[in-house]
Amino acid sequence: MTNFERASGIILHPTSLPNKYGIGDLGQSAYDWINYLKGAKQKLWQILPLGPTGYGDSPYQSFSAFAGNFYLVSPELLLKEGLLTTADVADLPDFPTDTVDYGWAIWYKLQLLDRAYANFKSSRKRKIKAEFAAFCEAQAEWLTDFALFMALKEEHDGAVWSTWSADLVAREPQALAAAHQRLKTQVEAQQFRQWLFFRQWNAVKTAAHDVGLKIIGDIPIFVAYDSADVWQRPELFQLQANGQPTAVAGVPPDYFSPTGQLWGNPLYDWDAHAAENYAWWIKRIQATLETVDMIRIDHFRGFDEYWAVPATSETAEIGEWRAGPREGLFDAINAALGDLPIIAEDLGLVTPGVIALRDHFELPGMKILQFAFGGDADDAFLPHMYPENCVAYSGTHDNDTSRGWYETSSLESERANYRNYFNVNGADVAWDFMKAIWNSKAVMTLAPMQDVLNLDTQSRMNFPGKPAGNWGWRLSETDLTAATNQSGLAHITEQAGRD
């Protein structure tokens, strides 16, 4: 068991940071954010997955489980070190500042990255070229295939890998060698984007550590079908001979969605993973822990049992539970890497098997206060019921904001239960929630930044089951200089002994 310390923190994905480039990035606003958390006496910063986003711009549908999201690369930092010129950014569009317009922002950011690569190629700076070469060599095991995968996707106008020519789908050595030669420049440009991302992210992580912050990352249990991971290792997934999935991932109907959630990810062939002693998963965990300090594993239940939905289904209502890897996976991970700082996302329909698996490895589960008011006084989500070994949240990226929950999402009976439990009138629900979980026994507590700012439903990050229009919320420049909420956070944190 990893010994977690009593602490609190805030959930904010880097895409939500303010700047003028259309999407939050790893530039000055990331350092301003770290200073904000320091002033608020927080010890934790939780983010969403950092992979390159694909379908629906979701961080949970990435082109790679190992690569970084190059849309987060900061143009202002590239300007400072001469990889971009002022002429390169002279055509900056008038982006909205309160949301991410992904189509527009990505189009512009890719142009800037291409200009930076051209400047890099023409540069005589030996130091950065040596640094880039060393990065490519050190990360070759995943980077080479990922860069070729992305170059091939560009060549095929974004088409899914299973629609490419049969020799590329089958990864025949001659076809791969020919593609590497044909797309040499495009492959290197993709490697360059990854180098930029990890270079900037590592600097942000170092700055966080310098002020005593730990970063909680996020691993989606499943990977995207259209990813370098599945293309590179199809034998590790439940696929037909033509590369198509036999069944896909999701969850049956629950409190997030009445028709379930059809994620569409391919399912693992756990026997194949076990045969190689879960080497792929060990590498995935290890790579993630090089970028963050702790890991929340999304949909922990899937390691005990997973919901398999026929690949042709349009909803997740019809499916079957199948056995996951259970203790075998975590025994292998612990043997290879030692006791790990893992948080188990154990929400939804939690069975005795899930509880046993979580508790066997003494992993903290999650408590969401928004879920607490539909039951009675012994509801497990109520603060007085929390064990110490858990992580408590007012809400997560998948929930409405706490104010939005109170104003639009909850039943009147739940709102009444909340008011009665706290003996309040409901005027300050977000901070009522934060104070309650901060003062609970839970070893770690977190709230979305939207709750700190007392924002309504319009500022929600994600609507589970909604295929588009998510992940867009952004901070304003003034939010990071709002002394009132910063001092308020510091106050409740000191009172709760989490500073």
**Message:** If I go through the range 387-425 residue by residue, how many of them are in contact with an Asp or Glu (Cβ under 8 Å, 6 or more places away or on another chain) and either of a type in the set (Asp, Glu) or assigned to a loop (DSSP other than H, G, I, E, B) (or both)?
**Reply:** 6
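Can you go through 193, 199 and tell me which one is assigned to a helix (DSSP H, G or I) and touching a helix residue (DSSP H, G or I) at 6+ places or on another chain (Cβ under 6 Å)? First the steps, then the outcome.
Details: 199 fails: touching a helix residue (DSSP H, G or I) at 6+ places or on another chain (Cβ under 6 Å).
None of the other options fit; the residue is 193.
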**Asked** For residues in the range 342-356 being surrounded by 17 or more Cβ atoms within 10 Å (Cβ to Cβ) and not in a helix (DSSP H, G or I), which is modelled with the lowest pLDDT?
**Response** 348
**Asked** Does residue 298 qualify as being touching a Pro at 6+ places or on another chain (Cβ under 6 Å), under 30 Å from residue 244 (Cβ atoms), surrounded by 17 or more Cβ atoms within 10 Å (Cβ to Cβ) and of a type in the set (Asp, Glu)?
**Response** yes
**Fill in**
Residue hits (the range 260-298; on the phi > 0 side of the Ramachandran plot and touching a Gly at 6+ places or on another chain (Cβ under 8 Å)) are 260, 264, 278
**Asked** Of all the residues that make up the range 1-27, how many are assigned to a helix (DSSP H, G or I) and more than 21 Å from the chain's Cα centre (by Cα)?
**Response** 0
**Request:** Among the candidates 279, 274, single out the residue that is closer than 26 Å to residue 198 by Cβ, of a type outside the set (Asp, Glu) and loosely packed, with under 15 Cβ neighbours inside 10 Å.
**Result:** 279
**Message:** Only one of 60, 71, 108 is at pLDDT below 95 and either surrounded by 15 or more Cβ atoms within 10 Å (Cβ to Cβ) or in a helix (DSSP H, G or I) (or both). Can you tell me which?
**Reply:** 60
**Request:** Mind listing whichever residues of the range 314-346 are more than 23 Å from residue 47 (Cβ to Cβ), touching a strand residue (DSSP E or B) at 6+ places or on another chain (Cβ under 8 Å), in contact (Cβ under 8 Å) with a residue 60 or more places away in the chain and not hydrophobic (A, V, I, L, M, F, W, C)?
**Result:** 319
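Can you confirm whether the range 361-374 contains a residue that is touching a strand residue (DSSP E or B) at 6+ places or on another chain (Cβ under 9 Å), more than 28 Å from residue 419 (Cβ to Cβ) and part of a helix (DSSP H, G or I)?
Applying the first criterion (touching a strand residue (DSSP E or B) at 6+ places or on another chain (Cβ under 9 Å)) to the range 361-374 yields 361, 363-370.
Those still in the list that are more than 28 Å from residue 419 (Cβ to Cβ) too: 361, 363-364.
After this cut, where a residue has to be part of a helix (DSSP H, G or I) as well, the list is none.
Looking for residues that are touching a strand residue (DSSP E or B) at 6+ places or on another chain (Cβ under 9 Å), more than 28 Å from residue 419 (Cβ to Cβ) and part of a helix (DSSP H, G or I), one finds none in the range 361-374, hence no.
In the range 43-57, how many are in a loop (DSSP other than H, G, I, E, B) and out of contact with any Lys or Arg (no Cβ under 8 Å at 6 or more places or on another chain)?
Taking the range 43-57 and keeping what is in a loop (DSSP other than H, G, I, E, B), we get 43, 47-52, 54.
Filter once more, keeping what is out of contact with any Lys or Arg (no Cβ under 8 Å at 6 or more places or on another chain): 47-52, 54.
Matching residues across the range 43-57 total 7.
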**Asked** What are the residue pairs meeting all of these: first residue in the range 296-310, first residue assigned to a loop (DSSP other than H, G, I, E, B), second residue modelled with pLDDT under 95, Cβ atoms under 9 Å, and 6 or more apart or on different chains?
**Response** 299/251; 299/263; 299/347; 299/348; 304/351
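Quick one: is residue 481 within 27 Å of residue 14 (Cα to Cα), hydroxyl-bearing (Ser, Thr, Tyr) and surrounded by 15 or more Cβ atoms within 10 Å (Cβ to Cβ)?
Details: within 27 Å of residue 14 (Cα to Cα): yes; hydroxyl-bearing (Ser, Thr, Tyr): yes; surrounded by 15 or more Cβ atoms within 10 Å (Cβ to Cβ): no.
Considered against the rule, which asks whether it is within 27 Å of residue 14 (Cα to Cα), hydroxyl-bearing (Ser, Thr, Tyr) and surrounded by 15 or more Cβ atoms within 10 Å (Cβ to Cβ), residue 481 comes out as no.
Looking at 498, 474, 403, 415, can you tell me which residue is in contact (Cβ under 8 Å) with a residue 12 or more places away in the chain, charged (D, E, K, R), touching a strand residue (DSSP E or B) at 6+ places or on another chain (Cβ under 9 Å) and more than 21 Å from residue 214 (Cα to Cα)? Lay out the reasoning, then the answer.
Details: 498 fails: more than 21 Å from residue 214 (Cα to Cα); 403 fails: touching a strand residue (DSSP E or B) at 6+ places or on another chain (Cβ under 9 Å); 415 fails: touching a strand residue (DSSP E or B) at 6+ places or on another chain (Cβ under 9 Å).
Going through 498, 474, 403, 415 in turn, just one is in contact (Cβ under 8 Å) with a residue 12 or more places away in the chain, charged (D, E, K, R), touching a strand residue (DSSP E or B) at 6+ places or on another chain (Cβ under 9 Å) and more than 21 Å from residue 214 (Cα to Cα): 474.
Output the number of residues of the range 455-481 satisfying the condition of being of a type in the set (A, V, I, L, M), assigned to a loop (DSSP other than H, G, I, E, B) and under 15 Å from residue 16 (Cβ atoms). Don't jump to the end; show me each part of the working.
Taking the range 455-481 and keeping what is of a type in the set (A, V, I, L, M), we get 455, 461, 468, 475, 480.
Now narrow it down to the ones that are assigned to a loop (DSSP other than H, G, I, E, B): 455, 461, 468, 475.
Now drop any that are not under 15 Å from residue 16 (Cβ atoms), which leaves 455, 461, 475.
So the answer is 3.
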**Item:** Leading residue by the ranking (nearest to residue 54 (Cα to Cα)) among those in the range 181-233 that are without any contact (Cβ under 8 Å) to a residue 60 or more places away in the chain and surrounded by 21 or more Cβ atoms within 10 Å (Cβ to Cβ)
**Value:** 190
**Asked** So which pairs qualify, if the first residue must be in the range 92-108 and in contact (Cβ under 8 Å) with a residue 40 or more places away in the chain, the second must be among the acidic types (Asp, Glu) and assigned to a loop (DSSP other than H, G, I, E, B), the Cβ gap must be under 9 Å, and the two must be at least 6 apart or on different chains?
**Response** 95/101; 108/91
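This table checks each residue for (1) crowded, with 21+ Cβ neighbours inside 10 Å; (2) modelled with pLDDT under 95; (3) not polar (S, T, N, Q).
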| residue | (1), (2), (3) |
| --- | --- |
| 414 | no, no, yes |
| 421 | no, no, yes |
| 433 | yes, no, yes |
| 438 | yes, no, yes |
| 458 | no, no, no |
| 463 | no, yes, yes |
| 469 | no, yes, yes |
| 475 | yes, no, yes |
| 489 | yes, no, yes |
**Prompt:** Which one of 27, 103, 39 is closer than 21 Å to residue 474 by Cα, surrounded by fewer than 17 Cβ atoms within 10 Å (Cβ to Cβ) and in contact with a helix residue (DSSP H, G or I) (Cβ under 8 Å, 6 or more places away or on another chain)?
**Reply:** 39
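The values are calculated or read from the model by the stated rules, or taken from the named source; none is laboratory data. The shown structure was predicted, so the numbers you read here are calculated from the model rather than taken from an experiment. Cβ atoms come from the backbone with ideal geometry, glycine included; neighbour counts cover every protein chain shown.
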